[in-house]
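Colleague: Below is one structure. I have some questions about it.
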């Protein structure tokens with residue numbers, strides 16, 4: 001029987017975002033290599049991840065010595081130093097890393113990263129700001145994830161004006177052009193729910209749609 005080897009991740013930059021990613025991946029049981037210039041930061045994460053190394057990610061030889069080419073996914077999470085972020089991305093892409101995820105500070109930084117070969121660019125500060133804003137505007141919104149410039153997914157706690165109705169009665173698709181892709185009830189997740197499925201108190205709806213349509217729906221169900 002062939003057993004698949006578990007994925008290996010390298011995370012470069014142990015700031016708030018990088019250390020959070022490394023923590024979560026480790027908790028999920030993956031092998032994680034944490035890299036940072038600052039020895040204190042690597043020491044702080046060393047008891048959480050598989051390996052923690054103090055190294056300069058703009059030094060190609062140092063990265064090669066760490067065997068970074070053997071990792072399935074490399075996450076570049078360099079905070080303030082945009083030049084180091086771009087140079088690190090260039091080096092890793094040139095080394096043939098299969099999946100390269102890079103944190104961007106600004107839209108322009110992100111555009112540069114995409115042009116030089118980053119497979120996925122993430123904007124944690126902007127995305128967190130978006131999530132907080134949506135939650136403040138509508139306390140029922142538990143999470144908000146941007147899929148593209150036009151589409152997003154949101155997690156919405158069932159408000160009092162929809163509890164007791166089923167999906168057919170709500171008719172979110174016809175009214176708002178959005179789709180309920182799942183209903184979470186406690187620890188149970190109902191993927192692709194049926195039209196007859198009723199919404200109970202404390203249910204969480206996971207909905208995908210165009211941003212403008214999601215905003216209209218949020219307003220309608222924010223009571």
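Colleague: For the range 74-108, which positions are within 18 Å of the chain's Cα centre (by Cα) and farther than 22 Å from residue 6 by Cα?
Modeller: Within the range 74-108, 77, 78, 79, 103, 104, 105, 106, 107 qualify.
Colleague: Same structure, new question: I need the full set of residues from the range 23-73 which are exposed (fewer than 13 other Cβ atoms within 10 Å of the Cβ), at negative phi and either under 22 Å from the mean Cα position of the chain (by Cα) or assigned to a loop (DSSP other than H, G, I, E, B) (or both), in order please.
Modeller: Matches in the range 23-73: 24, 27, 28, 38, 47.
Colleague: May I ask you to say which residue of 200, 205, 167 is closer than 29 Å to residue 17 by Cβ and out of contact with any helix residue (DSSP H, G or I) (no Cβ under 6 Å at 6 or more places or on another chain)?
Modeller: Checking each option against the conditions leaves just 205.
Colleague: List the residue pairs whose Cβ atoms are under 7 Å apart, where the first residue sits in the range 116-127 and is at negative phi and surrounded by fewer than 16 Cβ atoms within 10 Å (Cβ to Cβ), the second is modelled with pLDDT under 90 and in a strand (DSSP E or B), and the two are 6 or more positions apart or on different chains.
Modeller: Close Cβ pairs (under 7 Å, with a partner that is modelled with pLDDT under 90 and in a strand (DSSP E or B)) amount to 127/146.
Colleague: Take the residues in the range 80-103 that are touching a strand residue (DSSP E or B) at 6+ places or on another chain (Cβ under 8 Å) and in a loop (DSSP other than H, G, I, E, B), then tell me which one is surrounded by the most Cβ atoms within 10 Å (Cβ to Cβ).
Modeller: Result: 97.
Colleague: Take the residues in the range 122-147 that are assigned to a strand (DSSP E or B) and within 15 Å of residue 205 (Cβ to Cβ), then tell me which one is farthest from the chain's Cα centre (by Cα).
Modeller: 141
Colleague: Just checking, how many residues over the range 106-121 are in a loop (DSSP other than H, G, I, E, B) and out of contact with any helix residue (DSSP H, G or I) (no Cβ under 6 Å at 6 or more places or on another chain)?
Modeller: Final tally of qualifying residues: 2.
The values are calculated or read from the model by the stated rules, or taken from the named source; none is laboratory data. Everything numeric in this text was worked out from a predicted model, so none of it was measured. Methodologically, a virtual Cβ is constructed for each residue, glycine included, from the backbone with ideal geometry; neighbour enumeration extends over all protein chains shown.
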